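Worksheet for the structure shown next.
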Amino acid sequence: MDASKIYRLENEQKLFPYETFYPKIHHSVFLASGVKIIGNVEIGAESSIWYNVVIRGDVHYIKIGEMTNIQDLSMLHVTNGKYPLNIGNKVTIGHSVKLHGCTLQDLCLIGIGAIVLDGATVEENSMVAAGAVVKPNFIVPSGKLVAGVPAKVVRDLTDYEIADLESAALRYKKYSEITINSLNIKE
């Protein structure tokens, strides 16, 4: 890989102010190319934000916990003065997910293309299926899978699925380490 390309990747602007707010990103967070993080956003240790994710903490705050992964093309936003976005630890957020002014507790998984809307809560050890739409103020109970439009509880998670929630977070931690090492290859 051409060293000048690596240099450009490392110096790409990813963090932007909004009024007096500027993102607070732990030094161990992996930020892939194309990421845009705006305003009142805080991201905890060992989290990873993947290609072309937008995290817009302009009209309220966004807090993302530790070892959480936000996958490619996801969009995270808030509701003006009413609903912040709170995401816990070891959360896996699939590709092209939209989160808007909701709460995701620890160890949950949001499937590819799902939408979670204002005031909704996804409790610990639960899962939102790919393509589901979690309507405003809906609660996804702990240990359950929700699916559909609008999302409804469809079944209990298996013990294996619950255990895999933490495994998914650990896999993405490893993927970010591999990606960082790959980008630092010298010719």
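Here is how the numbers come out for the structure above:
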read-out: Total formal charge among the other residues, if their Cβ is under 13 angstrom from that of Ile62, Lys/Arg +1 and Asp/Glu -1; value: +2
read-out: Extension reserve of the Ile180-Gln13 stretch, reckoned as 0.36 nm per residue once the Cα distance is removed; value: 58.4 nm
read-out: Least to most buried among Val140, Val154 (fewest other Cβ within 10 Å first); value: Val154, Val140
read-out: Residue exposure sequence - Phe30, Phe16 - by fewest surrounding Cβ within 10 Å; value: Phe16, Phe30
read-out: For the chain, share of DSSP beta bridges that run antiparallel, in % to the nearest 5; value: 15 percent
read-out: Estimated [θ] at 222 nm from DSSP helical runs (n ≥ 4, -39500 (n - 2.57)) normalised by residues in the chain, nearest 500; value: -6000 deg cm²/dmol
read-out: Prolate/oblate/rounded call for the range 3-183, Cα gyration tensor, a/c under 1.5 rounded; value: oblate
read-out: Environment charge of Val41, counting only residues whose C-beta is closer than 9 Å and scoring Lys/Arg +1, Asp/Glu -1; value: +2
read-out: Relative contact order, percent, the range 72-181 [alpha-carbon distance under 8 Å, six or more residues apart]; value: 18 percent
read-out: Most to least packed among 18-24, 147-153, 102-108 [average Cβ atoms within 10 Å]; value: 102-108, 147-153, 18-24
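Read-outs throughout are calculated quantities, based only on the coordinates presented, and are distinct from any laboratory measurement. Please read these numbers as outputs of a predicted model, since none were measured by experiment. A quick note on method: Cβ atoms are made from the backbone with ideal geometry, for glycine too, and the neighbour counts reach across all protein chains shown.
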